[in-house]
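**Student:** Pasting a structure below so you can have a look.
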Amino acid sequence: MRMTVIGTGYLGAVHAACMADLGHEVLGVDTNRDRIEMLANGLAPFYEPGLDELLDRGVRNGSLRFTTSMAEAAEFADVHFVCVGTPQQDGADRADLRGLHSVVDELAPLLRRDALIIGKSTVPVGTATDLASRAAGLAPADVRVELAWNPEFLREGLAVEDTLYPNRIVVGVTSGAADATIRSIYRPLLSRGTPYISTDLHTAELVKVSANAFLATKLSFINAVSDMCEAAGADVVTLSEALGYDERIGSAYLSAGLGFGGSCLGKDVRAFIARARELGIEDSLSFLREVDEFNLRRRQRTAEMARDVVGGSFAGRNVAVLGAAFKPDTDDIRDSPALAVARAAQREGARVRVHDPKAMDNARAAYPELDFSPSAEKACEDADVVLHLTEWREYSDIDPEILGSLVRERRLIDARNKLPLDRWQAAGWSVRALGRKAS
């Protein structure tokens with residue numbers, strides 16, 4: 001099938017490459033010329049495992065092309081996936097839908113044949129209905145435009161896997177014809193038994209934001225329990241393991257630590273609350289406000305722990321920060337808890353040196369006031385404390401004895417509860433971790 005993918009940021013680039021890999025003819029569309037040029041050369045403009053290989057294969061075999069022309073998109077296909085971002089509005093909790101409106105406003109008048117527009121962006125409930133009316137009003141009189149919603153459930157670092165091997169496909173449609181088209185698009189996945197849930201537009205929109213709100217709540221819950229563990233002398237890692245065996249709870253998103261960041265959970269929770277307020281049911285979701293605020297307090301809690309470890313003041317101290325990305329296996333630094341802690345220490349007088357395997361360029365461009373080191377070892381030279389803030393696998397493999405010969409003081413804070421602390425303690429390190437007894 002021929003299709004376009006409009007918006008080639010994180011979601012769109014992955015979706016376009018994966019649809020081409022499933023055998024479709026795909027045209028990616030974006031206004032960012034530099035991004036389009038990179039993609040047209042088979043290169044991802046960001047780090048995502050496996051994506052470069054898919055892009056290169058699709059571009060070389062001709063199943064994947066890219067353009068900045070919406071007119072070319074309208075002519076190329078009758079199925080259009082919309083994958084533009086819906087960031088948080090400046091100065092407000094609501095989602096900024098201007099990108100979606102812009103796509104519909106530009107595409108609809110250019111259509112010359114009946115078309116199906118499929119939204120994948122995360123949006124407040126009711127957005128799809130509004131966009132459907134908008135598209136119908138802007139399209140030529142003899143063109144029928146239908147809108148469907150097919151929310152994404154991607155995890156950065158696992159986005160290719162999540163697209164090609166999803167745990168479910170959810171679609172919101174208003175006709176059997178639209179449902180049949182989407183089933184045809186995903187036939188290779190459905191033939192493997194992937195669950196397919198067809199519903200109305202409102203429910204499809206709510207599935208994604210509800211999932212993110214639940215995951216945020218689960219993370220904040222275990223972090224609240226970690227405070228209890230720390231105060232009582234218990235171990236939150238063992239506690240989480242025990243809880244995870246309960247099939248009603250599960251182990252996913254039950255790792256206590258610095259908390260969540262990135263471009264999704266926080267802003268989606270805030271947008272969910274804002275939409276509830278608009279619908280007059282804010283009290284029903286008021287607990288999510290505390291979920292969000294508690295998560296942000298984890299960053300302050302980590303900075304306070306580090307300050308306490310170095311004697312009550314960061315002034316004149318050397319702080320090594322391991323990690324800049326908001327999570328491992330990505331170079332995404334948006335709302336990064338690691339960088340929030342690093343900046344807090346730097347503002348209080350510390351000399352902060354940061355290392356990250358993939359996010360250094362993005363972090364350096366965003367926060368030039370921080371120092372950046374080419375290796376974890378270099379970042380730790382003469383450090384008064386080492387902060388483990390993003391759980392890259394390579395940090396777990398560091399030899400604490402070798403690192404101990406480089407630092408000024410063998411002090412470690414594992415804010416992700418992912419390091420083999422017994423090895424660090426055996427090497428003479430004083431270790432602190434969120435939700436665990438100090439050693």
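The values are calculated or read from the model by the stated rules, or taken from the named source; none is laboratory data. Fair warning: this is a prediction, and the values are worked out from it, not measured in the lab. Every residue, glycine among them, receives a Cβ derived from its backbone with ideal geometry; neighbour counts consider all protein chains shown.
**Student:** Any residue at all in the range 20-31 that is surrounded by fewer than 18 Cβ atoms within 10 Å (Cβ to Cβ), under 19 Å from residue 103 (Cα atoms) and not acidic (Asp, Glu)? Spell out how you get there, then give the answer.
**Tutor:** Pass one, the range 20-31, residues surrounded by fewer than 18 Cβ atoms within 10 Å (Cβ to Cβ): 22-23, 25, 31.
Adding the requirement that they be under 19 Å from residue 103 (Cα atoms) leaves 31.
Now narrow it down to the ones that are not acidic (Asp, Glu): 31.
Scanning the range 20-31, I find at least one residue that is surrounded by fewer than 18 Cβ atoms within 10 Å (Cβ to Cβ), under 19 Å from residue 103 (Cα atoms) and not acidic (Asp, Glu), so the answer is yes.
**Student:** Looking at 226, 220, 240, 251, which is the one that is assigned by TED's automatic domain parsing to the domain that holds residue 335 and not in a helix (DSSP H, G or I)? Let's see the steps before the verdict.
**Tutor:** On the way: 226 fails: not in a helix (DSSP H, G or I); 220 fails: not in a helix (DSSP H, G or I); 240 fails: not in a helix (DSSP H, G or I).
Result: 251 is the single residue among 226, 220, 240, 251 that is assigned by TED's automatic domain parsing to the domain that holds residue 335 and not in a helix (DSSP H, G or I).
**Student:** Mind telling me which of the residues 123, 103, 84 ends up being crowded, with 19+ Cβ neighbours inside 10 Å and part of a helix (DSSP H, G or I)?
**Tutor:** Details: 123 fails: part of a helix (DSSP H, G or I); 84 fails: part of a helix (DSSP H, G or I).
Only one candidate passes the filter, namely 103.
**Student:** Inside the range 419-434, can you point out the residues that are assigned to a loop (DSSP other than H, G, I, E, B), under 27 Å from the mean Cα position of the chain (by Cα) and farther than 16 Å from residue 355 by Cβ? Steps first, answer last, please.
**Tutor:** Applying the first criterion (assigned to a loop (DSSP other than H, G, I, E, B)) to the range 419-434 yields 419-420, 427-429, 434.
Next, only the ones that are under 27 Å from the mean Cα position of the chain (by Cα) stay: 419-420, 434.
420, 434 - these are the residues of the range 419-434 that are assigned to a loop (DSSP other than H, G, I, E, B), under 27 Å from the mean Cα position of the chain (by Cα) and farther than 16 Å from residue 355 by Cβ.
**Student:** Quick test of your reading of the structure: residue 26 fulfils all but one of (1) among the β-branched types (Val, Ile, Thr); (2) out of contact with any helix residue (DSSP H, G or I) (no Cβ under 8 Å at 6 or more places or on another chain); (3) closer than 27 Å to residue 188 by Cβ. Name the failing condition by number.
**Tutor:** Status for residue 26: all satisfied but (2).
**Student:** Separate question: Among the residues of the range 314-371, which ones are part of a helix (DSSP H, G or I), among the hydrophobic types (A, V, I, L, M, F, W, C) and either in contact (Cβ under 8 Å) with a residue 24 or more places away in the chain or at positive phi (or both)?
**Tutor:** Initial filter on the range 314-371 (part of a helix (DSSP H, G or I)): 337-347, 360-366.
Cutting the leftovers down to among the hydrophobic types (A, V, I, L, M, F, W, C) gives us 338-342, 344-345, 360, 363, 365-366.
Passing the criteria: 338, 339, 340, 341, 342, 344, 345, 360, 363, 366.
**Student:** Let me ask another. Inspect the range 73-83 for any residue being assigned by TED's automatic domain parsing to the domain that holds residue 134, among the β-branched types (Val, Ile, Thr) and out of contact with any Leu (no Cβ under 6 Å at 6 or more places or on another chain) and give the result as yes or no.
**Tutor:** Taking the range 73-83 as the starting set, the residues that turn out to be assigned by TED's automatic domain parsing to the domain that holds residue 134 are 73-83.
With the extra rule that they be among the β-branched types (Val, Ile, Thr), the set shrinks to 79, 82.
Checking which are out of contact with any Leu (no Cβ under 6 Å at 6 or more places or on another chain) leaves us with 82.
For the range 73-83, residues assigned by TED's automatic domain parsing to the domain that holds residue 134, among the β-branched types (Val, Ile, Thr) and out of contact with any Leu (no Cβ under 6 Å at 6 or more places or on another chain): present.
**Student:** So for the range 206-229 (the condition being touching a Ser or Thr at 6+ places or on another chain (Cβ under 7 Å) and among the basic types (Lys, Arg)), does at least one residue qualify?
**Tutor:** Just the residues of the range 206-229 that are touching a Ser or Thr at 6+ places or on another chain (Cβ under 7 Å), to begin with: 208-209, 222.
Still in the running and among the basic types (Lys, Arg): 208.
Yes.
**Student:** Something else: Among the residues of the range 376-412, what is the count of those that are more than 31 Å from the chain's Cα centre (by Cα) and either among the basic types (Lys, Arg) or in a strand (DSSP E or B) (or both)?
**Tutor:** So the count comes out to 2.
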